[in-house]
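The values are calculated or read from the model by the stated rules, or taken from the named source; none is laboratory data. Just so you know, these numbers come straight off a predicted model, no measurement behind them. All Cβ positions, glycine included, derive from the backbone under ideal geometry; neighbour counts span all protein chains shown. The accessibility values were calculated without ligands, DNA or RNA, using every heavy atom of the protein model including side chains. Shrake-Rupley method; radii C 1.70, N 1.55, O 1.52, S 1.80 Å.
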Amino acid sequence: MTTILETRNLTKLYGVVIGVNDMTFELGPGIHGLLGPNGAGKSTLMKLITAQLRPSEGSVHVLGETPWNNPGIFRKVGFCPEYDAFYDFMSAFEFVHALARLSGFDAPTAKKKTERALELCSATEFMHRPIRTYSKGMRQRTKVAQAIVHEPDFLLLDEPMSGTDPVGRHELTELVKSLGASGTSILIASHVLHEVEAMTENFLLIYGGRVLATGDVHEIRSLMDQHPHRIQIRCSPEHTRPLAERMIERLSVTGLELDETAGTLDVATKSPEAFYHGLPEVALDIEATIHEMTSRDDSLEAVFKYLVGVH
Amino acid sequence: MFTIAAMHMRQILLGSRRWLLTLGLIAPVFLCTAIAFGGELNNETEKLIVPALVLFACYTIAAPALAALLYGTSVLGDEIQDKTLTYLFTRPTPRWQILSGKYLANVGFLSAATIASLLIASLVLQPRSGILLGLVVSTAVATAAYNAVFMFLGAVWTKRTLIAGVFYLAVFELIPGFMPANVRELTITYHTRCLVLNLSGITDDIPVEAEPFIAAIGDASTEQSLLVPAIVILVMLLLTTRVASRREFALTDEP
């Protein structure tokens, strides 16, 4: 298998603060999710891969080459940064076209590639308007278009879904999948599990600057399932106790806290699927109205805290 | 390189500093107008020297240095502040080409703007034609040299670059520029004023009593005064490229 990205004991120090800590991993072709909560080291890793930062120790190889001081590698690598930065006086077309020219294409080729990239990102409608007039979603699409304009072999997307609406997310998901299907290897950094889950099953989990786990989504989910999943439920105060009793009797609950005054139940379960499936029937039995139900594990932070506990 | 130059030219034309530059280039025109209509030049020597001196001070020292201070120091700083540098540095374009493109745009635009202002001021003060030629060449050389120096300072100090630029002008240009002996020959100011002197032919017509004053300006040949700034430009561009290639330009405050 060809190695697309390889790090060996990769470490980045910002003074005494560790950005990336002794990371060693390899990624093959395909789409990979780089998951971690804010401050996990995703952006630092992205910057090391794209030669914006130099490793303090260890090495990083992209498509077999060291990226630091090697601009030639960007013929094969595309990067969509996290931050919302543009030459606001330009239109999306001018912006992407200029960057295509900097990728080494002559003007007519750059024009064709620009039109194609903007079309793929559904940006043709607004591509001749100045960027300063764009919505966040339009700006996000423009950023992705500049990253794919030169048809890279390896594409890095740092929080690409940030600020996009549901339609934009769907379109971007489809675009990433189609690029992946056409042979482009892609690394998508995100702190939202389900966003990346829609694009790939391969994940690299990082936390505190370290690689926590690699593998497919099923392995990660099975790791997560070894730890209780926490769900908070809000119902009418008079139904709190009967509902709690029924849950303990009929659902696989490993822990439960209730506040009868506020009408809230904090439930821990190792089988969230079964719990969600059985809850409506339990609620119907006692004619309880459930006003709100939130999974405390929606935040990737919580998932990672579980995983830190595992290792 | 020309794509970068074209992009940078638009940044100059649309950036907020253009108003400061406009002000800086209109002010000398007003000053020359005030001198032309307000002051009275009594004899031929005054008529020869005063316009030359005023235009020299405004256009080969002040205007190029200030324009370069505004634009040369910010070549990388603006891209870092706007976080757009990532787009340029994650392309297969070598950094020397990116920097050279920006440098060419700076020098081309600022020379043209400064010389345009000089020509307008010359219409008012009407210096001798030879003097005007010397001033135009000298202004272009000064703009090119100061921009190279300030671009280097901007690569080394991406923050507080203006302070570094002002410090450079005061300590390395203005004070040594008027010092005797070899110290002044290392400054850009010295060579630009020698250029004006040599190209204008003013020394042929100067009265005997003004000769010590002319001697104090400088005695470098035209070749020397073109060669030294050319070396400064080359060295500064090489150093800037070296700094830009070796340093990390982290665009966020992470972690």
| request: Scan region A:90-104 for residues that are open to solvent by 20 Å² or more (accessible area, probe 1.4 Å) and under 16 Å from B:Leu88 (Cβ atoms) and report the count. | output: 4
| said: I'd like to verify a number: residues in region A:36-65 that are more than 10 Å from every other protein chain (Cβ to nearest Cβ) and under 16 Å from B:Pro94 (Cβ atoms), how many? | reply: 1
| Matching residues, region A:103-155, being over 24 Å from A:Val77 (Cβ atoms) and charged (D, E, K, R) | A:Glu125, A:Arg129, A:Arg132, A:Lys136
| query | So, in region B:81-131, of the ones that are of a type in the set (Lys, Arg), open to solvent by 10 Å² or more (accessible area, probe 1.4 Å) and more than 21 Å from B:Leu234 (Cβ to Cβ), which residue ends up farthest from the other protein chains (Cβ to nearest Cβ)? | reply | B:Arg128
| request: Collect the residues in region A:115-128 that are touching a strand residue (DSSP E or B) at 6+ places or on another chain (Cβ under 9 Å) and surrounded by 21 or more Cβ atoms within 10 Å (Cβ to Cβ), keeping them in residue-number order. | output: A:Met127
| task | Identify all residues within region A:74-96 that are over 21 Å from A:Lys42 (Cα atoms) and without any contact (Cβ under 8 Å) to a residue 24 or more places away in the chain; write none if there are none. | result | A:Glu94
| message | Need the failing condition index for A:Thr133 against (1) at pLDDT 90 or above; (2) touching a helix residue (DSSP H, G or I) at 6+ places or on another chain (Cβ under 7 Å); (3) open to solvent by 50 Å² or more (accessible area, probe 1.4 Å), just the number. | response | (2)
| message | Can you tell me how many residues within region A:71-85 are more than 7 Å from every other protein chain (Cβ to nearest Cβ) and open to solvent by less than 40 Å² (accessible area, probe 1.4 Å)? | response | 4
| message | Quick test of your reading of the structure: A:Lys112 fulfils all but one of (1) without any contact (Cβ under 8 Å) to a residue 24 or more places away in the chain; (2) surrounded by 24 or more Cβ atoms within 10 Å (Cβ to Cβ); (3) not aromatic (Phe, Trp, Tyr). Name the failing condition by number. | response | (2)
| said: Taking the conditions exactly as written (exposed (fewer than 15 other Cβ atoms within 10 Å of the Cβ), modelled with pLDDT of 75 or more and not small (Gly, Ala, Ser)), does A:Glu273 satisfy them or not? | reply: no
| query | Is it fair to say B:Lys102 is among the basic types (Lys, Arg) and touching a helix residue (DSSP H, G or I) at 6+ places or on another chain (Cβ under 9 Å)? | reply | yes
| message | Take B:Gly24 and tell me if it is under 17 Å from the mean Cα position of the chain (by Cα), away from chain A (no Cβ under 14 Å) and either free of Cβ contacts under 8 Å to residues at least 60 places away in the same chain or open to solvent by 40 Å² or more (accessible area, probe 1.4 Å) (or both). | response | yes
| request: Please work out which one of (1) farther than 30 Å from A:Val16 by Cβ; (2) at pLDDT 80 or above; (3) not in a helix (DSSP H, G or I) is the condition B:Asn198 fails and give its number. | output: (3)
